[in-house]
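The values are calculated or read from the model by the stated rules, or taken from the named source; none is laboratory data. Please read these numbers as outputs of a predicted model, since none were measured by experiment. Every residue, glycine among them, receives a Cβ derived from its backbone with ideal geometry; neighbour counts consider all protein chains shown.
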Amino acid sequence: MNILNINTDEYKNSPIDFVPKGHYYKFVGHINAFNRLLEKLYCEDCGELLYPTQTSHFALFRDVHFHCENIECRMHNHDIYLSHCLNGECANIVDSRISKKCSLKLHICDLCGTCCSVEMFKRRLENLENVGGYIHNELIKNVKKKNGHLERAEYYCYKCGIKMKEYYGILLDAIIAILLLTLVNSNG
């Protein structure tokens, strides 16, 4: 691209942002994402391949927003977020077609329930400051207030986005009740 004098810089205008060599990184990132996200990179409505829409400054995958370009599809140009789970122990791909968002507006992993953390917000802010990217006021607020659910052991339902409550002993009580009913029924 450099030899051919093709400008690969990307300019976004909502919010105003400049990504040096963004189009080149989008291409390389799409290839990497394609390899890792292969099973998720198809439109669930029409089956066509999804295309990247934005370049990320700091995500593991350069491309995390995709859409269907099939103009006949009812999901045409509908934004789809795909990224790895924040939890390093979880290898799941977080998919906005499956997952709702937590109260801090981040997608919830449908496998482990992780959504956000104080450390993640700090890293995101540092990375954006380093590359000169657009920094949203919500991110600054989350860092200052030390918002984040992972450190507080707060988990949200990926289906509805509501904070889940932890109940101790209910499962054990249910198992004991089922065993007792089975024992009573088998003894006549």
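Considering only residues that are surrounded by fewer than 17 Cβ atoms within 10 Å (Cβ to Cβ) and small (Gly, Ala, Ser), look in region 67-119 and name the one that is modelled with the highest pLDDT. Among residues in region 67-119 that are surrounded by fewer than 17 Cβ atoms within 10 Å (Cβ to Cβ) and small (Gly, Ala, Ser), the one modelled with the highest pLDDT is Ser103. Scanning for something closer than 18 Å to Leu37 by Cα, in a loop (DSSP other than H, G, I, E, B) and of a type in the set (Asp, Glu), does region 90-103 turn up at least one residue? Checked against the condition, which is being closer than 18 Å to Leu37 by Cα, in a loop (DSSP other than H, G, I, E, B) and of a type in the set (Asp, Glu), region 90-103 yields no hits at all. When Val64 is tested against (1) over 21 Å from His136 (Cβ atoms); (2) modelled with pLDDT of 70 or more; (3) aliphatic (A, V, I, L, M); (4) surrounded by 14 or more Cβ atoms within 10 Å (Cβ to Cβ), just one condition goes unmet, and that condition is (1).
Name every residue in region 120-149 that is under 16 Å from the mean Cα position of the chain (by Cα) and either modelled with pLDDT of 95 or more or farther than 26 Å from Lys21 by Cβ (or both), in order of residue number. Phe121, Gly148, His149 - these are the residues of region 120-149 that are under 16 Å from the mean Cα position of the chain (by Cα) and either modelled with pLDDT of 95 or more or farther than 26 Å from Lys21 by Cβ (or both).
For region 1-23, the condition of being buried (at least 18 other Cβ atoms within 10 Å of the Cβ) and at pLDDT 80 or above holds for none of the residues.
Restricting region 150-170 to residues that are under 30 Å from Ser96 (Cα atoms) and either of a type in the set (Asp, Glu) or not in a loop (DSSP other than H, G, I, E, B) (or both), the residue that is modelled with the lowest pLDDT is Glu166. Scanning region 128-145 for residues that are exposed (fewer than 12 other Cβ atoms within 10 Å of the Cβ) and in a loop (DSSP other than H, G, I, E, B) yields one hit, Lys145. Look at (1) touching a residue at least 40 places away in the same chain (Cβ under 8 Å); (2) aliphatic (A, V, I, L, M); (3) assigned to a loop (DSSP other than H, G, I, E, B) and you find that Leu111 fails only one, number (1).
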